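The values are calculated or read from the model by the stated rules, or taken from the named source; none is laboratory data. The structure displayed is predicted, hence computed values, not measured ones. As a convention, Cβ positions derive from the backbone with ideal geometry for all residues, glycine included, and neighbour counts pool all protein chains shown. To get the accessible areas, we keep the full protein, side chains included, count just its heavy atoms, and leave off ligands, DNA and RNA. Shrake-Rupley method; radii C 1.70, N 1.55, O 1.52, S 1.80 Å.
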Amino acid sequence: MSDYQLDCQRLLCPLPVIRTQNKVKELAVGDTLCVVCTDPGTKNDIPAWARIHGHSLVSIEDKEDLIYIVVRVGA
Amino acid sequence: MTRQHKAIALISGGLDSMLAVRVIQEQGIEVEGINFFTGFCVEGHTHAIRNHHKDKEKRNNALWVAEQLGIKLHIVDVIEEYKDVLLNPKHGYGANMNPCLDCKIFMVGKAVEWVKSNHQDGFDFIITGEVIGQRPKSQLKRTMPIIARESGADDILLRPLCAKNLPETLPEREGWVDRAKLHDFHGRNRKPQIALARHYGLNDFATPAGGCCFLTDEKYSSKLVDLWQARHSRDYELDDIMLLKVGRHLRPAPHFKVIVARDAGESKFLEGYRKQYPSLYSTSHNGPMALIDGQLKHHDDVETAAAVVARFGQGRTAEQVEIELTLPDNGTQNLVVSPLASEAIPEEWYV
Ligand code: SF4
């Protein structure tokens, strides 16, 4: 289970990335955030964004038309 | 101890901003990127929606560029603020609904705000990939100082690719940046950029044709103008401008428009809007999802919309097609219609 969840269903990139970026600013190092998306572009964009900013990707999972992307906040 | 000077770069995802960053990084300066999402950016969207883009890698160019450059990228949602830029551009529009000069002034102005609020972390100037003479109107020798002045950036705005053709800026004067190592590119010829890209070992880069956003697109612009005319108001919400990127748009009457998906990917995307917009699809044949923007005032309107939707499904040659109409707060209706023949759809219905 992730510490936090963020609903980005129906949002198209780069909005899910922007929402993730803004949410992560409120979190502490080590927290995990699960972003729930529908735009397949998020599978590339959220991990790319995480790499650039030093956060780590925990998992990406497709389940019943939804995409669950879990990131762990880095230092 | 001398203070480390840092730059914030406007990153569009194209080659020029990528090169501008490299040139400044070469001088030992730390750079971070900033990218603005106006709602009209070509990035991602349609790629994610339409089927035939499936095999193309769905990457966000600005993020990809940032990763290649090894810089952080801040993506800023400016959808609301951008409305004023698009609706009231002081310097007017380009060939279509693109207010490029005002847009540049706005974005550099936002970067100035960013520098002010991150000054304590060492940020004190802005770089862009602009090249004199590259784009009509927004990248002319005459407009470069207008952007610097009206954005409030003045001499903290440095254009590394054409700096030698422009007056000295603060980072050059103060010696943070060596002017001799900057460039003097100008005009539409892309050869110097390509050569510089090679020099830096950059082979894979996006080359956006025309512009960085949908507002430079003629068809998109005419759909936007049609929307404003139909609503008697020059305004828009994010959903409006997203929907303009999707499907065929047909306007059988001034008070309503039918948005018909062009493939399964678009149908799925439009499905997400069924709680907000009246929607139609065929229950007797395979066919596209369609939405209604506006009002179906009379029964005739309903029949016309249904016949249009039937025309684009597999029942197009059938005698009769069953169509289900769902109103967001008023349940569903089932209709049986004869599909419109394609020649029966007037050319002027296509927005
Ligand atoms: S093409 Fe669009 S995003 Fe680019 S400068 Fe012009 S209006 Fe702005």
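Some points to look at:
- Selection count where residues are within 14 Å of chain A (Cβ to nearest Cβ), open to solvent by less than 20 Å² (accessible area, probe 1.4 Å) and in contact with an Asp or Glu (Cβ under 8 Å, 6 or more places away or on another chain), scope the stretch B:64-110: 2
- Filter result (in contact with a Leu (Cβ under 9 Å, 6 or more places away or on another chain), open to solvent by 70 Å² or more (accessible area, probe 1.4 Å) and at pLDDT 95 or above) within the stretch B:164-223: B:164, B:184
- Of all the listed residues (B:215, B:227, B:202, B:244), the sole one being within 30 Å of residue B:124 (Cα to Cα) and either within 16 Å of the ligand (Cβ to nearest atom) or not assigned by TED's automatic domain parsing to the domain that holds residue B:312 (or both) is B:202.
- Looking across the stretch B:87-100, just one residue is more than 8 Å from the ligand (Cβ to nearest atom) and either touching a Gly at 6+ places or on another chain (Cβ under 6 Å) or part of a helix (DSSP H, G or I) (or both), and that is B:87.
- Members of the stretch A:33-42 that are over 16 Å from residue B:272 (Cα atoms) and over 9 Å from the mean Cα position of the chain (by Cα): A:41
- Unique residue being open to solvent by less than 30 Å² (accessible area, probe 1.4 Å) and more than 14 Å from chain B (Cβ to nearest Cβ) when the list is A:17, A:24, A:70: A:70
- For the stretch B:111-140, taking the residues that are away from chain A (no Cβ under 14 Å) and over 25 Å from the mean Cα position of the chain (by Cα), the one that is nearest to the ligand (Cβ to nearest atom) is identified as B:125.
- Here residue A:11 meets the list (1) within 14 Å of another protein chain (Cβ to nearest Cβ); (2) open to solvent by less than 20 Å² (accessible area, probe 1.4 Å) almost entirely, failing just condition (2).
- Selection within the stretch B:111-150 - outside any loop (DSSP other than H, G, I, E, B), open to solvent by less than 30 Å² (accessible area, probe 1.4 Å) and more than 23 Å from residue B:72 (Cα to Cα): B:132, B:143, B:144, B:146, B:147, B:148
- Any hit, the stretch B:248-256, residues being surrounded by fewer than 18 Cβ atoms within 10 Å (Cβ to Cβ), at pLDDT 95 or above and out of contact with any Lys or Arg (no Cβ under 9 Å at 6 or more places or on another chain): yes
- Unique residue being more than 9 Å from chain B (Cβ to nearest Cβ) and either of a type in the set (D, E, K, R) or surrounded by fewer than 18 Cβ atoms within 10 Å (Cβ to Cβ) (or both) when the list is A:75, A:50: A:75
- Yes/no for residue A:54 being touching a residue at least 12 places away in the same chain (Cβ under 8 Å) and on the phi > 0 side of the Ramachandran plot: yes
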